[in-house]
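Asks: Sharing a structure with you now.
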Amino acid sequence: MAVKISPSILSADYLKLTDDIKALETAGVDWLHMDVMDGIFVPNLSFGVPLISSVKKHTRLPLDVHLMIDRPHRYIKQFAQVSDILGFHYEAGSDIASTLKEIRAYGCKSSLTIKPCTPPEKIFEFLPLCDMVLVMSVEPGFGGQTFMPQALEKLSALRSECQKRDLSVELEVDGGINGETAPLAVSAGATVLVAGSYIFSEQMKDRVKFLKQL
Ligand code: DX5
Ligand code: ZN
């Protein structure tokens, strides 16, 4: 199955977002990745439901929402209204199983995210409740950082565990994805690539094309 591409709009110019979204659609991306930051769980702020809701009006692409917020269970209902895939961090202080179930109950695909410091084994028990697992390959909070190769082992471990349990779970990787790191991540088992600074460039079309054939 072809790898899916989910560009992070954190790297876009928000005042010309509709142009950027059109360019991404033309380039053939699969989803749009929306990074929600609260300044507490991560040392940065980004945007919330209103921006995602506006994006939703301008595209048919599925919205892949990555919550980097403290105690995300407080906001699942609101974000579920504007998300297609909704994910939160294992480390963020919510009841994992009930939050994953709640996401599915609202009709979204559920995603559980782990930071670079979290071993993949910690989330094995939750895999039956996940439609996707997001492996962070940088510390969450900022675009434009360097890929941490430890993510590759984590992707492989998750891929093996899903195969062992006969579960069909997407494996997404986020942070520092570019022409060199993307092939490594796909070989390790990634099925969805998030990319911000690599895709938002003059070579958007060629870069999306390159990622899609991996
Ligand atoms: C970081 C975000 C990423 C980020 C990726 O916290 O989750 O989605 O925007 O940006 P690049 O691809 O530039 O590392
Ligand atoms: Zn992200």
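Asks: Can you work out the accessible area per residue across the chain, with the rest of the protein chains kept in place, probe 1.4 Å, in square angstrom? Please report the intermediate quantities before stating the final value.
Replies: Working: 9580 Å² over 214 residues.
I get 45 Å² per residue for the chain.
Asks: Compare the Cα positions of 140, 36, 85 along the charge dipole of the chain (+1 at Cβ of Lys, Arg; -1 at Cβ of Asp, Glu; about the Cα centre) and return the one farthest towards the positive end.
Replies: My answer, from the dipole projection, is 85.
Asks: Given +1 on the Cβ of Lys and Arg, -1 on the Cβ of Asp and Glu, and no further charges, what dipole in debye does the stretch 55-165 carry about its Cα centre, rounded to the nearest 20?
Replies: Values: 15 positive and 12 negative charges, 82 e Å.
Value, rounded to 20: 400 debye.
Asks: If you don't mind, there's one more thing I want to ask. Measure out, as a whole number of angstrom, how far apart the alpha-carbon centroids of the stretch 92-146 and the stretch 30-83 sit.
Replies: Cα centroid to Cα centroid, the span is 14 Å.
Asks: Calculate the dipole size of the stretch 99-162 relative to its Cα centre from +1 charges on Lys and Arg beta carbons and -1 charges on Asp and Glu beta carbons; express the result in debye to the nearest 20. Spell out each step's value before the answer.
Replies: Working: 7 positive and 7 negative charges, 26 e Å.
Computed about the Cα centre, the dipole is about 120 debye.
Asks: Continuing with this model, one more query. Give the relative contact order (percent, whole number) for the chain; include only Cα pairs under 8 Å separated by 6+ residues.
Replies: Numbers: 429 pairs, mean separation 46.8, N = 214.
It rounds to 22 percent for the chain.
Asks: Taking amide H positions as placed 1.01 Å from N in the peptide plane, with prolines and chain starts having none, which residues 5 or more places from residue 4, or on another chain, fall under 5 Å of its amide H?
Replies: 192, 193
Asks: Can you list the lysines whose alpha carbon is less than 18 Å from that of residue 115, not counting same-chain residues fewer than 8 positions off?
Replies: Partners within reach: 154.
Asks: 5 Å is the cut-off here: which amide hydrogens, built 1.01 Å from N in the peptide plane, fall below it relative to residue 34, excluding neighbours closer than 5 in sequence?
Replies: 64, 65, 66
Asks: Pairs to check: 16/101; 22/101; 101/164. Give those whose C-alpha atoms are more than 30 Å from each other in this structure. Please list the in-between numbers first.
Replies: Working: 16/101 36 Å; 22/101 33 Å; 101/164 22 Å.
Violating the 30 Å limit, Cα to Cα: 16/101; 22/101.
Asks: Under 10 °C and 1.306 mPa s, how fast does the chain diffuse according to Stokes-Einstein, given a Kirkwood radius computed over C-alpha pairs? Answer in µm²/s, whole number. Mind showing how you got there, number by number?
Replies: Values: Rh = 16.9 Å.
Rounded to a whole number, D works out at 94 µm²/s.
Asks: Right, something else. Under a point-charge model restricted to the Cβ atoms of Lys and Arg (+1) and Asp and Glu (-1), what is the dipole moment magnitude of the chain relative to its Cα centre, in debye to the nearest 20? Before the final figure, lay out the partial values.
Replies: On the way: 22 positive and 26 negative charges, 94 e Å.
Dipole of the chain, to the nearest 20 debye: 460 debye.
Asks: Roughly speaking, to the nearest percent, how much of the stretch 1-123's 1.4 Å accessible area is carbon and sulfur? Kindly include the intermediate steps, with their values, before the conclusion.
Replies: Details: 2880 of 5470 Å².
Answer for the stretch 1-123 is 53 percent, counting heavy atoms of protein chains only.
Asks: In percent, how large is the relative contact order of the stretch 1-44, given Cα pairs closer than 8 Å and 6 or more residues apart?
Replies: Contact order relative to length: 51 percent.
Asks: Work out the FRET efficiency for residue 197 and residue 106 from their Cβ-Cβ distance, taking R0 = 41 Å, and round it to the nearest 0.05. Walk me through the numbers on the way to the answer.
Replies: On the way: r = 32 Å, r/R0 = 0.77.
Between residue 197 and residue 106 the formula returns 0.85.
The values are calculated or read from the model by the stated rules, or taken from the named source; none is laboratory data. This is a predicted model, so every value here is computed, not measured. Quick reminder, even Gly has a Cβ in these numbers, built from the backbone with ideal geometry, and neighbours come from all protein chains shown. When the accessible area is computed, the model is the full protein with side chains, heavy atoms only, and any ligands, DNA or RNA have been set aside. Shrake-Rupley method; radii C 1.70, N 1.55, O 1.52, S 1.80 Å.
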